[in-house]
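Any read-out appearing in this document is the output of simple, stated calculations on the displayed coordinates, not a laboratory observation. For clarity, every value in this text was computed on a predicted model and none was experimentally measured. Virtual Cβ from ideal backbone geometry, glycine too; neighbours counted across all protein chains shown.
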Amino acid sequence: MAKRRPLPLIIAHRGASGYLPEHTLAAKALAYGLGADYLEQDVVVSRDGRLIVLHDIHLDRVSDVADVFPDRCRDNGRYYVRDFDLAELRTLRIWERYTADGPDKPAFPQRFPARSGLFRINTLDEELQLIQGLNKSTGRSVGIYPEIKSPEWHRAEGVDSARLLLDLLLHYGYRTAADPVFVQCFHAPELRRIRDELDCRLRLIQLIGQNDWQESSTDYEALITDEGLHALAETVDGIGPWIGQLYALEPIEGEPVSTGLVSAGTGGRSGSASLHVSGRRVGARIRDVRRYGGLVFAHARCQRSVY
């Protein structure tokens, strides 16, 4: 009998963000309860040097910052986490994500009601305490999946977000490749720096976007060549392409597939990939998912039904 492939890890994308506002502690607690293997964190830095769990360096698409601090936007009209201390950030309400057209235009109308709830910004420190506390009380070992957001931008602002993250992870006991943590980033030079200069032994994931996304100065077209992938294998433990780089989906009737950025896989430095799907009805559309190290879901409830 052929050896059965291990099931991919289930990574909760921004927590159970298909059900509750992204990156709130409520969304993380729900994802934990739904059985996710890992919870994802996007990490940015406040003015007073605190690590904030938020997908963007901006606040204005997920909060009421324009109402609370109407005069604190930059010249481009955006409100930046970096311009606020933690005490100020705690005064904001976090909402379901909305579009550039305003808070009355939710990005995902089928999700949690727009402009409602009493959700707040949380720090990475608080989230790690929650996850480790739940691991203790449940006997599970749910891991973390932090992404260093926009390290080039943060460095231009005078802050080394990667070093701050690694210091905090060390404080909470995440030290080696055996620990339940993957550190991910879109910027390839930052991951090389983390591995070589900062001597990080944690598992690293290279996220692979497209050049027109302008996620970083990294040339993703070069990364996905044979030469680029072999070079990555010298530094990282996995890659995170987005679904369009892995599959051509068959046309379907009804609700379209909702996809996002890929988070990454497990395995050695051969560069095992993972598949990131945030739609509810993916089982009939995706084939051969066992070849990937991890799947990233906004709706964590569908996790094992995919297989």
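Checking each residue in the range 208-233 for being surrounded by 12 or more Cβ atoms within 10 Å (Cβ to Cβ) and assigned to a helix (DSSP H, G or I) picks out 211, 220, 222, 223, 228, 229, 231, 232.
For the range 185-207, residues that are closer than 13 Å to residue 147 by Cβ and either of a type in the set (Asp, Glu) or part of a helix (DSSP H, G or I) (or both) total 3. Considering the range 99-131, the residues that are of a type in the set (A, V, I, L, M) and not in a loop (DSSP other than H, G, I, E, B) include one that is surrounded by the fewest Cβ atoms within 10 Å (Cβ to Cβ), namely 130.
Just checking, does the range 30-44 include any residue being among the hydrophobic types (A, V, I, L, M, F, W, C) and over 18 Å from residue 131 (Cβ atoms)? For the range 30-44, residues among the hydrophobic types (A, V, I, L, M, F, W, C) and over 18 Å from residue 131 (Cβ atoms): present.
The set of residues in the range 181-198 being touching a helix residue (DSSP H, G or I) at 6+ places or on another chain (Cβ under 6 Å) and of a type in the set (Asp, Glu) consists of 190 alone.
Residues that are outside any helix (DSSP H, G or I) and within 17 Å of residue 205 (Cβ to Cβ) are absent from the range 153-160.
If you check residue 189 against the conditions, is it in contact (Cβ under 8 Å) with a residue 12 or more places away in the chain, in contact with a strand residue (DSSP E or B) (Cβ under 9 Å, 6 or more places away or on another chain) and of a type outside the set (A, V, I, L, M)? Quick ask: steps written out before the conclusion?
Details: in contact (Cβ under 8 Å) with a residue 12 or more places away in the chain: yes; in contact with a strand residue (DSSP E or B) (Cβ under 9 Å, 6 or more places away or on another chain): no; of a type outside the set (A, V, I, L, M): yes.
No; evaluated as a whole, the condition is false for this residue.
Quick one: residue 182 ticks every box in (1) surrounded by 13 or more Cβ atoms within 10 Å (Cβ to Cβ); (2) in a loop (DSSP other than H, G, I, E, B) bar one, so which box is it? Exception for residue 182: condition (2). Listed here are the helices (runs of 4 or more DSSP H) enclosed by the range 19-98 that have at least 3 residues being crowded, with 20+ Cβ neighbours inside 10 Å and within 17 Å of the chain's Cα centre (by Cα): 25-34.
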